[in-house]
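Comments concern the structure below.
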Amino acid sequence: MLFHQVFNLLFLFFLQMTAQEVRLCGLLLQEHFGNVVEKVGTHLIRSGVLNLRALAHETKLPLDLVKKSLCVLVQHGMCTFGAGRRGPAGPVEYRINCEHVFHMLRYPRYIYTAKSLYGDTGELIVEEILQRGQMTMSSTVKTVADRLTHNMPEGQSMDYSEVVSVFSQLVETHFLQRCPPLASAGSSSSGAVDTPLPVATQPTEPENHPDCYKLPYINLTGQGKRRRSSEDGEADQRAAKKARTDNSECGDDGIYWQVNFQRFHLHFRDQAIISAVSCKLDQSSSEIVRTMLRMSEVTTPAHAAFTQALSANEIFRALLSSYNIARPILDQYLSLLVDDPMEFVGKTGDSGGGMYVVNLHRALANLARATLESVVQERFGSRSARIFRLLLRKRHLEQKQVEDFAMIPAKEAKDMLYKLLSENLVQLQEIPKTPDYAPSRTFYLYTVNQLPTARLLLQNCYKTVGNLIERRLYETKENKRLLEKSQRIEAILASLQATGAEAAQLTEVEEMITVPERQQLESLRHHINKLDSSENQVDETIFLLKSYINSTQASH
């Protein structure tokens with residue numbers, strides 16, 4: 001009992017979130033799952049841990065709706081459950097995994113990455129699993145093959161074996177992983193409130209499961225089927241009814257797969273480091289770093305400060321021949337990378353022509369630092385950015401030293417420092433000569449603490465993304481009638497084209513949207529595309545800052 005109390009207290013301590021994070025979680029849940037799931041999820045975030053009856057009572061929602069909302073959240077890995085404060089004999093308690101809620105911001109980026117690495121098939125596999133939370137391999141293969149076949153010319157179809165091959169590659173590179181099994185098989189899926197689960201806990205890390213990346217043998221042969229537009233509504237119902245039967249026939253019933261977000265994040269981190277090296281030095285240097293990261297991606301733990309050490313000989317053998325980098329040139333590039341002030345690459349020994357590592361923590365710190373400097377420059381101008389950069393490098397400076405080193409007039413430097421101080425981007429540290437803290441006998445030093453400043457900027461980014469989502473929802477709501485009309489006309493056009501209608505009929509249907517309405521639609525789509533693009537760009541900043549903060553905490 002004491003253990004559960006201590007655990008829950010620690011959990012509540014770490015669960016405390018800022019108002020901006022709670023707001024953003026609510027907006028993401030509302031946008032993807034609707035108002036009911038948003039209400040349940042937001043209440044769980046604020047309350048920390050609750051059982052089913054308490055959640056239904058406090059949200060004033062019907063018990064059935066709360067059950068369905070929890071099912072949706074559990075299905076997408078955003079909610080975990082386990083024995084509560086009363087131990088295994090008590091009711092099951094639920095808690096929200098806020099990090100997984102934030103992952104919804106990155107769904108377009110996950111899908112685009114899968115497309116760039118594994119083509120259209122990889123894109124659709126990841127898209128389907130993200131939409132449904134978790135799926136069996138056979139169900140995913142059939143759905144993706146049908147979608148690809150539907151977009152192919154008449155007479156062509158996608159073979160199941162091709163989709164299975166891409167699915168296998170995604171698992172081999174750890175972009176997909178098995179969902180961890182429940183610790184107890186005695187739990188019922190009915191969600192009964194008063195029936196305790198004997199051991200209702202899920203492994204927090206899927207990697208703890210030995211078969212996490214083991215592909216099952218599935219008995220699946222055939223090709224994707226082309227659906228007609230008139231069959232679309234019935235097809236989903238038939239698929240839902242046959243899903244359980246099909247899975248048992250294919251041999252993978254009960255084996256569900258999910259997207260491995262951590263693996264995608266490691267890929268994003270590596271790409272950010274490679275891009276930074278390319279901008280700082282040249283393309284050949286970035287290809288060497290890319291090769292080092294690729295060689296050590298399986299052997300390096302997720303939160304490690306360095307990659308595994310690699311010898312120059314190993315790096316040279318792993319370099320692609322298309323890079324045309326000779327061995328003496330490689331040694332020169334490695335020396336250049338080691339001596340660079342950014343410290344992306346470090347040397348740990350001399351055996352094998354030299355042992356080298358990629359300094360992951362240092363690279364993330366430099367990327368976060370560049371982000372902070374860029375924000376200050378955009379908001380306050382180049383002179384303020386010069387002062388900010390100076391304080392980052394010199395650590396502590398008096399106002400007179402800032403004026404001298406930055407070569408900025410005293411009045412301007414004072415205004416800029418106070419402006420940065422008021423925005424909490426710069427801190428003021430008092431060092432008294434005497435215990436009475438008399439101003440005449442106290443040193444006032446300006447400094448920048450990178451970690452708290454990164455946390456501050458992260459909260460601003462959460463607020464910005466929330467504002468962008470709210471604006472997009474508002475624009476969509478205001479133009480709901482026009483959007484619905486446009487969708488109806490597009491559906492009619494698609495149906496007519498499928499039946500081979502004449503051009504005159506198609507033109508007549510297209511003219512149902514007037515010229516002013518068409519202009520308004522174009523303007524709306526352009527505006528929403530800008531909002532989406534801005535959201536993705538802010539999310540890249542969120543990812544960098546969050547990676548730096550997590551890396552700093554892990555290193556300490």
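The values are calculated or read from the model by the stated rules, or taken from the named source; none is laboratory data. Note that this is a predicted model, so its numbers are computed, not measured. Backbone-built Cβ (ideal geometry, glycine too); neighbour counts: all protein chains shown. Side chains are part of the model used for accessible areas, which takes the heavy atoms of the whole protein and leaves out ligands, DNA and RNA. Shrake-Rupley method; radii C 1.70, N 1.55, O 1.52, S 1.80 Å.
How long are the three semi-axes of the equivalent ellipsoid for the chain, computed from the Cα gyration tensor as the root of 5 times each eigenvalue, in whole Å, largest first?
Semi-axes from the Cα gyration tensor: 45, 32, 30 Å.
Which one, S555, P108, L148, is farthest towards the positive end of the dipole of the chain when Lys and Arg carry +1 and Asp and Glu -1 on their Cβ?
The listed residue farthest towards the positive side: S555.
Using only protein heavy atoms and a 1.4 Å probe, report how much of D146 is accessible, in Å² to the nearest 10.
40
Mind listing the phi-derived Karplus ³J(HN,Hα) values for the range 461-472, rounded to whole Hz, using 6.51, -1.76 and 1.60 with θ = phi - 60°, and x for any glycine or proline?
Result, ordered by residue: 5, 4, 5, 5, 4, x, 5, 5, 5, 4, 5, 5 Hz.
If you stretched the chain out fully between L482 and V338, how much longer would it get, using 0.36 nm times the residue separation minus the C-alpha to C-alpha distance?
46.0 nm
Kindly sort K347, K477, K433 by accessible area of their heavy atoms, largest first, with the probe set to 1.4 Å.
K477, K433, K347
Just list whichever of K67/K485; K115/K530; K419/K463; K463/K530; K280/K394; K485/K530 have alpha carbons separated by over 27 Å in the model shown.
K67/K485
Quick one: how many Å² of T299 are accessible to a 1.4 Å probe, rounded to 10?
Its heavy atoms expose roughly 80 Å² to the probe.
Within a Cβ distance under 14 Å of Y323, other residues only, what is the Lys/Arg minus Asp/Glu net charge?
+2
Whole percent per 10 Å bin, from 0 to the bin with the longest distance: what is P(r) over all C-alpha pairs of the range 453-555?
Pairs per bin, as whole percents: 13, 29, 22, 17, 12, 7, 1.
In whole Å, how far is the Cα centre of the range 56-129 from that of the range 326-355?
Answer, in whole Å: 44.
If you take the C-alpha gyration tensor of the range 265-358, multiply each eigenvalue by 5 and take the square root, what semi-axes do you get, largest first, in whole Å?
Gyration-tensor ellipsoid for the range 265-358: 18, 15, 13 Å.
Could you give each residue of the range 416-422 its phi-based ³J(HN,Hα) in whole Hz, using Karplus coefficients 6.51, -1.76, 1.60 with θ = phi - 60°, and x for Gly or Pro?
Computed from phi, the couplings for the range 416-422 are 5, 4, 5, 5, 5, 5, 5 Hz.
If each residue of separation counts as 0.36 nm, what is the full-extension length gain between E31 and R109 once their alpha-carbon separation is subtracted?
So the chain would gain 26.3 nm between E31 and R109.
Taking amide H positions as placed in the peptide plane 1.01 Å from N, state which residues far from Q223 in sequence (5 or more) or on other chains have amide H under 5 Å from it.
Residues meeting the criterion, in which the H sits 1.01 Å from N, are Y160.
Please list, ordered by chain and number, the residues whose modelled amide H lies under 5 Å from the amide H of L50; skip anything fewer than 5 residues away on the same chain.
Y94
Using only the heavy atoms of the protein chains and a 1.4 Å probe, how would R109, R455, R86 rank by accessible area, largest first?
R86, R455, R109
About the Cα centre of the chain, how large is the charge dipole given +1 on each Lys and Arg Cβ and -1 on each Asp and Glu Cβ? Please answer in debye to the nearest 20.
Result for the chain is approximately 1600 debye, rounded to the nearest 20.
So, for the chain, what is the accessible surface per residue at a probe of 1.4 Å, expressed in square angstrom?
Here the per-residue accessible area is 53 Å².
Give the calculated FRET efficiency between D159 and Q427 to the nearest 0.05, with a Förster radius of 56 Å applied to their Cβ-Cβ distance.
Here the calculated transfer efficiency is 0.35.
Across 5 Å bins from 0, what is the distribution of all Cα-Cα pair distances for the range 363-448, in whole percents?
3, 15, 24, 24, 17, 9, 5, 3, 1
Within the accessible area of the chain, what % is carbon and sulfur when the probe is 1.4 Å and the other protein chains stay in place?
Reported share for carbon and sulfur atoms: 52 percent.
Could you pull out the longest piece of the chain with no exposed loop GluC sites (Glu not before Pro) in it, calling a site exposed if DSSP puts it outside H, G, I, E, B and it has at most 11 other Cβ atoms within 10 Å?
155-501
Just to verify a number: what accessible area does Y474 come out at with the full protein assembly present, 1.4 Å probe, Å² rounded to tens?
110
Just to be sure I understand the model, the point goes 7 Å from the Cα along the line to the Cβ. What's the resulting Y213 to R46 distance in nm?
4.2
Given all pairs of different Cα atoms, what value in angstroms does the Kirkwood hydrodynamic radius of the range 43-103 take?
Across the range 43-103, the inverse of the average 1/r is 11.8 Å.
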